[in-house]
Amino acid sequence: MPKQQKKTDNCFVVSACLTGQNCKYNGTNNYNVTVVQILDNSDFVCVCPEVLGGLPCPRVPAEIVNGVVTASDGTVVDKAFREGAQKALEIAKKHGATTAILQPRSPSCGVSEIYNGEFSKTLILGSGVFASLLRKNGIRILNAFEIRKSEMADLKRIMQIYSLARDFMVMSGNPNQWGPTNWPPASLIENDIQNGHSYVCTYSGRIVGTFYYNFGNDIEPTYRHIEDGSWMDSSNYGVVHRIASDGSVKGVGTFCLLWAFAKSGHLRIDTHGDNAVMQALLKKCGFKHCGTIYVEEDKYPRLAFEKTCQ
């Protein structure tokens, strides 16, 4: 489990089970190594709303049934869930938390999906009690995803995601970033995988996003020349390229950027001038617009962004 100490200005509130605390309904945990990697370079506070609400561990599993949290044996536990959520919110506010990383599907912490209340393992769109309360109080909430290095067996799925991303770019007013050149080609992704720089983001074991990441000294040649501005920090940096999601789960891009920044502490990225969606995401994640760079695959200029701890 990471050590809780302030290293950045951003504070996270995190589902305690994700850090290895045995507070899950069955007495175990949902340890997530990717989340722990992010937290290891951040200020954070762990909470379990259900335990804070006075429920034992282990306990009978519960789901939201017609708006009321009910255990599988028929016991109504709604009051405990809501009191625990309120206590967890107060802890988050006390620590100045601005972002939450929560355990998916939970009746407390589910961000965008929860079980349907029939105890049949069927998911529906919806949020848990604590996640809903955080959202109402202006705290950004993210699902806990897993990030791992890509394998050759992932190539077909990765290329499917890039196809979906190109379609989304066209629909969102950005037809020229990847569309005309059908970018990126499979040969480039194969090379990324072979060199250990391609990553996938998974949700419940399913690949929902992908990106390129590398770190080092002057590792991106196209960043050596920047116009209309300058980079903020000349130290070693990480770079993210070709970031994309399938659009099925919210927060993939944010989570991938959090992971990459936690790995490097200094991150650079570029995007097309028409890619308003990515520009908004980068600004929301604390990146600063530094100038203009040019890439090799086409003639269009790219907006250069940077985030650093310094």
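All of the numbers you see were taken from the coordinates with simple rules; none came from a lab. Everything numeric here is computed off the predicted structure, so don't read it as measured data. Here the Cβ is made from the backbone with ideal geometry for all residues, glycine too, and neighbour counts use every protein chain on show.
Here are the numbers for this structure:
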item: Stokes-Einstein D for segment 11-143, Kirkwood Rh over Cα pairs, 20 °C, 1.002 mPa s (µm²/s); result: 148
item: Neighbour-count ranking [beta-carbon atoms within 10 angstrom, fewest first] of Val33, Val249; result: Val33, Val249
item: Overall Cα dimensions of the chain, principal axis frame, Å, largest first; result: 63, 38, 33
item: Partner aspartates and glutamates for Lys250 [C-alpha distance under 20 Å; skip if fewer than 8 residues away on the same chain]; result: Glu113, Glu146, Asp167
item: Per-residue ³J(HN,Hα) for segment 140-154, Karplus 6.51 cos²θ - 1.76 cosθ + 1.60, θ = phi - 60°, Hz, x for Gly and Pro; result: 5, 10, 10, 5, 7, 9, 10, 10, 9, 5, 6, 10, 4, 5, 8
item: Cleavage-rule hits (chymotrypsin sites (Phe, Trp or Tyr not before Pro)) in segment 70-152: DSSP loop, at most 15 neighbouring Cβ within 10 angstrom; result: Phe119
item: Rg over Rh, two decimals, segment 194-265 (C-alpha only, Kirkwood Rh); result: 1.02
item: Cα Rg, Dmax (largest Cα-Cα span) when computed across segment 146-308, Å; result: 14.8, 43
item: In order through segment 44-55: 3J(HN,Hα) via Karplus (6.51 cos²θ - 1.76 cosθ + 1.60), integer Hz, x for Gly, Pro; result: 8, 9, 9, 9, 10, x, 5, 5, 4, x, x, 7
item: For the chain, calculated [θ]222 nm from helices alone, where every DSSP H run of n ≥ 4 adds -39500 (n - 2.57); result: -8000 deg cm²/dmol
item: Between helix 252-264 and the chain: long-axis angle, C-alpha atoms, 0 to 90°, nearest 10; result: 70
item: Amide proton proximity set for Cys11, modelled H, under 5 Å, gap of 5+; result: Thr98, Thr99
item: Distance from segment 132-150 to segment 156-215 (C-alpha centre basis), Å; result: 22
item: Which of Met232, Met171 has the fewest Cβ neighbours within 10 Å, and the rest in rising order; result: Met171, Met232
item: Expected-Rg normalisation [2.2 N^0.38 Å, Cα atoms] applied to segment 86-205; result: 1.38
item: Distant-in-sequence amide H partners of Ile226 (H built 1.01 Å from N, under 5 Å); result: none
item: Relative packing of peptides 103-110, 224-231 - highest average C-beta neighbours within 10 Å first; result: 103-110, 224-231
item: Karplus-derived 3J(HN,Hα), 6.51/-1.76/1.60, for each residue of segment 66-76, Hz, glycine and proline x; result: 6, x, 10, 6, 9, 6, 5, 8, x, 6, 7
